[in-house]
Structure formats: structure tokens, C-alpha cells
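Undergrad: Okay, handing you the structure first.
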Amino acid sequence: MGILSSLFTGVSGLNANGMALSVIGNNIANLSTVGFKGSRATFADLISSSITGGAGAIQTGIGVALTSVQGNFSQGSLAASSNVLDLAIDGNGFFILEDAQGARFYSRAGIFRLDQNNNVVDPVGFRLQGFLADTTGTITGTMGDISLPSTTAPPRATTTAFIAANLNSATTPTGVRGNLVGSGASATTTGAGNNSFNINLNGDGAQTVTVANGLTGAALATAIQNAVRSLTPNDPYLAAAYSGFTATVSPTGVFTFTSGITGTPNNSTAGTGDVTVTANGGDTLAANLNMTGGTQTAGTDFLLSNPSATSNFSTSMTVYDSLGNPHLLTTYFTRIGDNTWNYNVVASVNEVVTANYHTSNIDTTLGIVRVGSGTLTFNTDGTLDRESPVIRYDTGTTSGTAGTAPGQLQIDFVGATPDQQIAMDFGTSVTTDGGTGLDGTTQFGSTSALVQLTQDGFSAGTLQAFSVDSNGTISGRFSNGQLRPLAQVALARFPDPIGLIRMGKNTFAESGTSGQPLIGFPESAGLGRVLSNSLELSNVDLGESFIEMIAAQRGFQANSRVITTSDEILQELVNLKR
């Protein structure tokens with residue numbers, strides 16, 4: 001009978017609305033739970049009964065049943081926090097957690113701290129998972145427990161030193177230019193078989209100089225000067241020796257040939273500070289000018305005994321050896337000719353194994369040792385053109401040994417790994433590096449000044465603080481000033497997050513209906529960003545919950561009336577017998 005079935009329909013309504021009140025109450029109870037995701041109850045009518053049984057028959061329902069409790073995974077509001085390990089996900093994804101047995105859980109609650117083993121854990125001790133970094137700070141593809149080191153970070157020996165400076169193009173070359181003065185009175189007339197000779201500037205190799213016949217005195221000197229300046233140097237670092245070459249003649253007819261540079265470039269050990277003239281075969285001009293037996297004066301530039309007075313600009317840099325010990329290197333720049341600068345690098349005798357260095361490269365009075373030298377050349381627009389290989393002096397010789405790579409310095413620091421190589425980088429030079437010549441050291445017409453000074457070494461350090469970027473990278477700041485990635489938080493997303501199983505303690509577990517987790521870096525592959533010093537609050541809307549609670553209450557009351565009304569009707573039916 002329909003009246004009897006109405007009792008069961010009312011009971012199902014009571015059960016359904018009571019379950020709805022339970023879900024709503026759970027939402028309200030977790031209003032202050034960090035990362036909590038609310039739920040809603042969904043219902044469906046029970047299978048209807050047919051009165052007539054035919055197609056299009058009159059059907060009556062027999063009640064309602066709870067079909068599911070669906071999670072609401074919408075974004076919750078974010079609140080600021082003073083704890084750097086309080087993390088919030090802004091967007092899609094879940095934190096990945098593991099318990100002591102290796103069981104994996106997922107959570108939106110980013111309340112984390114460090115445990116006694118320096119693992120990042122949540123309030124119940126589940127360990128946060130992420131991509132680990134190696135000792136250099138490179139994030140690897142290996143996932144594991146995120147742990148922040150408490151031990152000393154190892155030092156790194158300096159391998160590259162970058163110096164960006166402007167060297168004043170108006171600086172007068174420092175030092176003595178090599179010259180050759182003809183002995184006695186010199187013949188000044190040229191003729192057939194008396195118009196050429198060989199000249200060797202600063203060890204560049206002999207080159208033939210030829211002038212016109214019939215020249216004498218100042219005209220001959222000018223012709224020789226122009227002829228030498230038109231020669232192409234064998235060594236490009238000696239270009240200034242030719243372009244700045246001068247030939248003069250005294251009133252008494254004595255010729256003087258002077259190189260265009262002071263000293264010699266530090267690009268190789270073959271250079272000299274001399275000007276040498278020899279006969280060109282049977283030509284007599286060299287002898288007639290009395291140059292083959294002339295008086296030579298060797299050129300000089302930088303002097304280790306007086307570095308400040310024999311240089312035009314200097315700068316100092318602290319580098320580190322294999323043990324992390326700091327060492328001060330001072331680089332002295334000396335302009336030796338047009339667009340040409342030598343640099344000499346010196347260190348303290350107390351920090352270098354001086355037994356490997358010749359005494360000529362050590363000044364005990366100043367307590368310094370020359371550990372390297374090189375040459376820079378510039379274009380006429382001030383851009384850096386060439387960087388020479390560095391001459392290293394740890395070979396025990398006066399002149400040192402020229403390296404093979406531009407700027408490659410080699411030093412023996414006391415107690416550290418020997419033969420430490422440091423690349424002196426002055427920028428991307430035009431010819432040597434194929435660069436612009438403008439991103440490092442330049443030669444413009446302004447005061448010499450340092451622009452930038454960096455090196456890649458550092459001492460040992462201990463972790464002092466850490467920070468978390470929006471891509472989940474946890475970076476540690478060490479006492480040696482280094483900032484190094486330690487790990488990167490991993491996030492997971494699911495094809496159907498509603499299918500996740502709630503495990504309590506603000507965690508979820510994978511299920512057959514949720515699909516397998518897709519794990520990746522924050523801000524990639526549809527995953528949200530990670531915000532440090534923030535927490536995601538519960539996404540429960542209290543006002544909406546109250547409205548749902550009122551609706552469920554009214555539904556419960558109405559269904560109870562169905563039961564009482566059905567009972568009264570049945571009572572009337574029973575009374576018919578009387």
C-alpha cells in the first residue's frame with residue numbers, strides 16, 4: 001500500500017538530510033584547519049515503483065539515498081606567516097609526503113618545520129618530498145626527503161677572475177722605450193746599394209726597411225720612420241712598437257731609432273726591450289749609419305721593486321685556494337704604447353710557495369712575488385681587441401713560461417693544491433674571443449677606474465638561513481656569502497582529485513578513481529606556484545554552510561512530518577474496523 005511505503009520514504013529523507021548535516025558540520029568544524037578542503041553531500045532518488053506497470057505508467061518514488069560526498073578543491077585564501085617553511089600552493093597541485101614506512105600521502109597543508117635530523121616535516125612527522133641538489137647546487141632528477149644541511153659547506157677554489165675596468169687612453173706610457181743610437185758621426189746619404197737595412201724591434205724578428213735613393217739628414221730619418229711604421233709586425237702584440245717608432249737625427253748627423261713601446265709586451269717570453277739593426281745582405285746603409293755598432297738602451301716598463309711608480313692603474317682581488325683560504329692578488333696595469341697595456345699580478349710572499357719562483361720575481365723588501373703577467377691591446381674605438389696568454393712564473397725561471405690559453409694564470413699557494421689555475425677574464429675581446437670588446441675592460445678617454453670585479457671561489461661556510469622561491473627551490477645562505485640551492489619542492493596533480501581518499505591529518509591518498517599522480521616542478525606542467533611565509537586557509541564558506549545547514553534542517557523536519565502524517569493516516573485506517 002502507498003501509505004505504508006511513505007513511511008520508508010520519510011525515513012530515507014531523514015537519513016539523507018542527517019548525513020548532509022554531518023557533512024556540513026564537518027566543514028564548519030574545520031573552518032580553521034589549514035589546507036582543509038570542504039565537501040558536499042550529493043543525493044539521488046531511489047528506484048521508483050510502477051503502479052500500472054505499463055509504458056508511461058504512473059511511477060512513485062520510494063525515497064532518497066546518499067550517492068557521494070564530493071570534495072571541493074577550489075583555492076583557499078592565503079594568510080601571511082613568519083615561518084619561512086610555511087608554504088602555500090597558489091594553483092593546482094599537492095605537497096608530497098612520506099611516513100616512516102615510506103607510504104606516500106598528499107596534502108595542501110604547508111605547515112612544515114625541521115625535525116631533529118634536519119628533515120622538513122609536517123606537524124605529524126611526515127617528511128616533505130622534493131628534487132634533491134648535488135654539492136654544486138644543481139637540482140637533480142632524484143626525489144627524496146628534503147633535508148637541510150647542518151654541516152660546513154665545502155670551499156671552492158677560484159678558477160675565474162673577472163676584471164672590468166676602464167684604462168685611460170690619454171695615459172702617457174710608463175717606462176723606457178728601447179732605442180739604438182748610431183756610434184760616432186753617421187753618413188746620411190743614400191744611393192744605389194745604400195738604401196736598406198734589417199731592423200728587429202723588441203724581439204719581433206728582423207724586417208727589411210727600404211728607403212728611396214738620394215735622401216739625407218732629416219729627410220732620411222723621416223723616410224726610415226715612415227718605412228718602419230708601415231711594416232706589419234710578426235707579433236700582433238708588438239704593433240705599437242712599429243706604429244710609435246721614431247727615427248731622429250742630431251745636428252751632427254747621429255741617428256737614433258726608438259721603439260714605440262716601453263719595455264716589451266708580456267704575451268710571450270721571446271720579447272726583448274731592444275732595437276737591433278743589421279745589414280741587409282750587401283747593402284751598406286746600416287754600416288754607413290753606424291747602427292750595427294750603435295749604443296743600445298733596453299726598454300723597461302713595470303718594476304717589481306716599485307710597482308706603484310711603474311704602473312698607471314691597479315686593483316686588488318681576493319681569491320681562494322683549494323682549502324678555502326683567502327689570498328689577495330694585486331693587478332698592476334702599465335701602458336707601454338699606443339692601445340697596448342701590460343698587466344702584472346703579484347701576491348704576498350707569505351702565501352705563495354716562493355721556492356718555485358726565481359729571485360728576480362720576488363721582492364723581499366715589499367714582500368711580494370710576481371705570479372703572472374700578460375698584455376691587452378685595444379682598438380682605436382676603445383674596445384678590447386686581444387688578450388694574450390699569461391706568463392706564469394712558478395717554473396723557477398726569470399722570464400717565466402708562457403701559457404697556451406689566454407688569461408690562464410697558474411699559482412702555487414702555501415699548503416693548498418699546487419698549480420692552481422685561475423683564468424684572468426677581461427671581457428669578450430674582439431679578436432681573441434670574437435666578442436664586442438665592450439663588456440669588460442675598455443680604453444676610453446676618461447679616468448682609469450674599476451667597473452666590476454668578481455671571482456667564483458669562496459671559503460668554507462655554515463648554513464645561516466634559507467629561503468623558498470615560487471618555483472619551490474629551497475636556497476641556503478651560508479656564512480661565506482654563498483647562496484646555493486639545496487632542494488626543490490615537488491608537487492603532484494591528479495586527473496580526478498575528487499577521487500582521492502581522505503586519510504585524516506590533512507592528508508589524502510591515491511585511489512583507483514583519482515588516477516596516478518603527475519609529479520613535477522612548481523610553475524610547470526599545469527602546477528601552481530609555491531609561496532613561502534604563507535599558508536592556505538580552509539576553503540569552507542561559513543555563510544554558504546549555514547544556508548546548506550538550514551536547508552538540511554528544513555528537509556529533516558519535513559521528512560519527519562511525512563512520517564507522522566503517514567502514521568496518523570494508518571491510525572485512521574485501523575479505526576475503520578470500529
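Undergrad: When both residues are 6+ apart or on different chains and their Cβ atoms are under 7 Å apart, which pairs have a first residue that lies in the stretch 17-37 and is part of a helix (DSSP H, G or I), and a second that is among the acidic types (Asp, Glu) and surrounded by fewer than 21 Cβ atoms within 10 Å (Cβ to Cβ)?
TA: ILE24/GLU548
Undergrad: Inspect the stretch 438-450 for any residue being closer than 30 Å to ASP235 by Cβ and either without any contact (Cβ under 8 Å) to a residue 40 or more places away in the chain or among the aromatic types (Phe, Trp, Tyr) (or both) and give the result as yes or no.
TA: yes
Undergrad: Another one. What are the residues in the stretch 513-525 that are part of a loop (DSSP other than H, G, I, E, B) and open to solvent by 60 Å² or more (accessible area, probe 1.4 Å), if any?
TA: THR513, GLN516, PHE521, GLU523, ALA525
Undergrad: Just to be sure, is ALA170 under 30 Å from THR272 (Cβ atoms) and assigned to a strand (DSSP E or B)?
TA: For ALA170, the condition - under 30 Å from THR272 (Cβ atoms) and assigned to a strand (DSSP E or B) - is not met.
Undergrad: Quick one: ALA279 ticks every box in (1) open to solvent by 20 Å² or more (accessible area, probe 1.4 Å); (2) among the hydrophobic types (A, V, I, L, M, F, W, C); (3) under 38 Å from the mean Cα position of the chain (by Cα) bar one, so which box is it?
TA: (3)
Undergrad: Against the conditions (1) at pLDDT 95 or above; (2) outside the structural domain of TYR332 (by the TED database); (3) farther than 17 Å from TYR237 by Cα; (4) not polar (S, T, N, Q), where does LEU201 fall short? Just the number, please.
TA: Just one mismatch for LEU201, condition (3).
Undergrad: For the subset of the stretch 482-502 comprising residues that are open to solvent by 70 Å² or more (accessible area, probe 1.4 Å) and aliphatic (A, V, I, L, M), which member is farthest from GLY526 (Cα to Cα)?
TA: That would be LEU483.
Undergrad: With the requirement that a residue be assigned to a loop (DSSP other than H, G, I, E, B), at pLDDT below 90 and open to solvent by 50 Å² or more (accessible area, probe 1.4 Å), what does the stretch 456-481 give you?
TA: SER479, GLY481
Undergrad: If you don't mind, another one. Scan the stretch 108-126 and give yes if some residue there is within 25 Å of the chain's Cα centre (by Cα) and β-branched (Val, Ile, Thr), otherwise no.
TA: Among the residues of the stretch 108-126, not one is within 25 Å of the chain's Cα centre (by Cα) and β-branched (Val, Ile, Thr), which makes the answer no.
Undergrad: Determine whether THR142 is assigned by the TED database to the domain that holds ILE498, within 30 Å of THR436 (Cβ to Cβ), among the hydroxyl-bearing types (Ser, Thr, Tyr) and loosely packed, with under 15 Cβ neighbours inside 10 Å.
TA: Taking the combined requirement at face value, the residue does not satisfy it.
Undergrad: Go through the stretch 127-137 and give me each residue that's modelled with pLDDT of 85 or more and either surrounded by fewer than 10 Cβ atoms within 10 Å (Cβ to Cβ) or over 16 Å from the mean Cα position of the chain (by Cα) (or both).
TA: Within the stretch 127-137, ARG127, LEU128, GLN129, GLY130, PHE131, LEU132 qualify.
Undergrad: Only residues that are open to solvent by 40 Å² or more (accessible area, probe 1.4 Å) and either farther than 30 Å from GLY91 by Cα or in contact with an Asp or Glu (Cβ under 9 Å, 6 or more places away or on another chain) (or both): list them for the stretch 548-562, please.
TA: Scanning the stretch 548-562 gives ILE550, ALA551, GLN553, ARG554, PHE556, GLN557, ALA558, ARG561, VAL562.
Undergrad: Give the residues of the stretch 222-274 that are among the hydroxyl-bearing types (Ser, Thr, Tyr), open to solvent by less than 50 Å² (accessible area, probe 1.4 Å) and under 41 Å from the mean Cα position of the chain (by Cα), sorted by residue number.
TA: Within the stretch 222-274, TYR237, THR262, THR264, SER268 qualify.
Undergrad: Okay, next question. Can you name the residue in the stretch 299-328 that is open to solvent by 10 Å² or more (accessible area, probe 1.4 Å) and of a type in the set (A, V, I, L, M, F, W, C) and is also farthest from ALA164 (Cα to Cα) among such residues?
TA: This residue is LEU323.
Undergrad: Then there's this: Suppose we filter the stretch 396-419 for residues that are touching a residue at least 40 places away in the same chain (Cβ under 8 Å), outside any strand (DSSP E or B) and either aliphatic (A, V, I, L, M) or under 28 Å from GLY324 (Cβ atoms) (or both); how many remain?
TA: Residues in the stretch 396-419 being touching a residue at least 40 places away in the same chain (Cβ under 8 Å), outside any strand (DSSP E or B) and either aliphatic (A, V, I, L, M) or under 28 Å from GLY324 (Cβ atoms) (or both): 8 in total.
Undergrad: Still on this model: Of everything in the stretch 434-455, what is over 19 Å from the mean Cα position of the chain (by Cα), surrounded by fewer than 20 Cβ atoms within 10 Å (Cβ to Cβ) and not in a loop (DSSP other than H, G, I, E, B)? Give them in sequence order.
TA: Within the stretch 434-455, ALA449, LEU450, VAL451 meet the criteria.
Undergrad: Still on this structure, please answer the following. Taking the stretch 380-400 on its own, how many of its residues are open to solvent by less than 50 Å² (accessible area, probe 1.4 Å) and polar (S, T, N, Q)?
TA: 2
Undergrad: Confirm whether ALA192 is open to solvent by 20 Å² or more (accessible area, probe 1.4 Å) and either in a loop (DSSP other than H, G, I, E, B) or closer than 15 Å to PHE255 by Cβ (or both).
TA: For ALA192, the condition - open to solvent by 20 Å² or more (accessible area, probe 1.4 Å) and either in a loop (DSSP other than H, G, I, E, B) or closer than 15 Å to PHE255 by Cβ (or both) - is met.
Undergrad: Being farther than 30 Å from ILE336 by Cβ, among the aliphatic types (A, V, I, L, M), more than 27 Å from the chain's Cα centre (by Cα) and crowded, with 22+ Cβ neighbours inside 10 Å: is that true of LEU97 here?
TA: Criteria met by LEU97.
The values are calculated or read from the model by the stated rules, or taken from the named source; none is laboratory data. Since the model is a prediction, treat every value here as computed from it, not as a measurement. Using ideal geometry, Cβ is built from the backbone for each residue, glycine included, and neighbour counts are taken over all protein chains shown. Quick note on the areas: whole protein, heavy atoms, side chains included, nothing else; ligands and nucleic acids left out. Shrake-Rupley method; radii C 1.70, N 1.55, O 1.52, S 1.80 Å.
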